[in-house]
1. Within 14 Å of the chain's Cα centre (by Cα) and surrounded by fewer than 14 Cβ atoms within 10 Å (Cβ to Cβ): is that true of E98 in this structure?
2. Which of the following residues is within 23 Å of G65 (Cα to Cα), open to solvent by less than 40 Å² (accessible area, probe 1.4 Å) and touching a Ser or Thr at 6+ places or on another chain (Cβ under 7 Å): V26, V22, V47?
3. Considering only segment 56-71, how many residues are within 13 Å of V26 (Cα to Cα) and buried (at least 16 other Cβ atoms within 10 Å of the Cβ)?
4. Residue check: is A64 within 11 Å of the chain's Cα centre (by Cα) and hydrophobic (A, V, I, L, M, F, W, C)?
5. Looking only at segment 21-70, count how many residues are more than 17 Å from G82 (Cβ to Cβ), acidic (D, E) and at pLDDT below 95.
Amino acid sequence: MKIMRREYRGQPYALLDESVPVITDVQTALDLIMTAQYETGSACLAVPQEAVAEAFFSLRTGLAGEILQKFVNYRVKLAILGDFQSYRSKPLQDIMLESNRGQHILFVAN
């Protein structure tokens, strides 16, 4: 797992550089949170869409809710970077839209 420290507008963040799923369940999300904070000293994390298991984007698994709640509980801001247009689920689109209105979780193109 390769985590790099970057800055955006003077604020540090951790960037996960992976093209295979790293976040596959709640425990791997927690491991990533702790590793990113330890290695970069930042409470902000950017993750490419490819590093998130496909089950995350299927709301019936409950995985998205559990993982996103961990990021909020641990006060780590998360940006998932990717193209989300292929997901046609209205509830998933609603969650992404609502998350983007908040301050903890973002679903962005880049």
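The values are calculated or read from the model by the stated rules, or taken from the named source; none is laboratory data. Nothing here was measured: the structure is a model prediction, and the numbers come from that model. A quick note on method: Cβ atoms are made from the backbone with ideal geometry, for glycine too, and the neighbour counts reach across all protein chains shown. The area values use the complete protein model at the heavy-atom level, side chains included, leaving out ligands, DNA and RNA. Shrake-Rupley method; radii C 1.70, N 1.55, O 1.52, S 1.80 Å.
1. no
2. V22
3. So the first thing to find is which residues in segment 56-71 are within 13 Å of V26 (Cα to Cα), and the list is 56, 61-71.
When the remaining residues are screened for being buried (at least 16 other Cβ atoms within 10 Å of the Cβ), the result is 56, 63-64, 67-68, 70-71.
Residues that pass the stated criteria total 7.
4. Working: within 11 Å of the chain's Cα centre (by Cα): yes; hydrophobic (A, V, I, L, M, F, W, C): yes.
The answer is yes for A64.
5. Within segment 21-70, residues that are more than 17 Å from G82 (Cβ to Cβ), acidic (D, E) and at pLDDT below 95 number 1.
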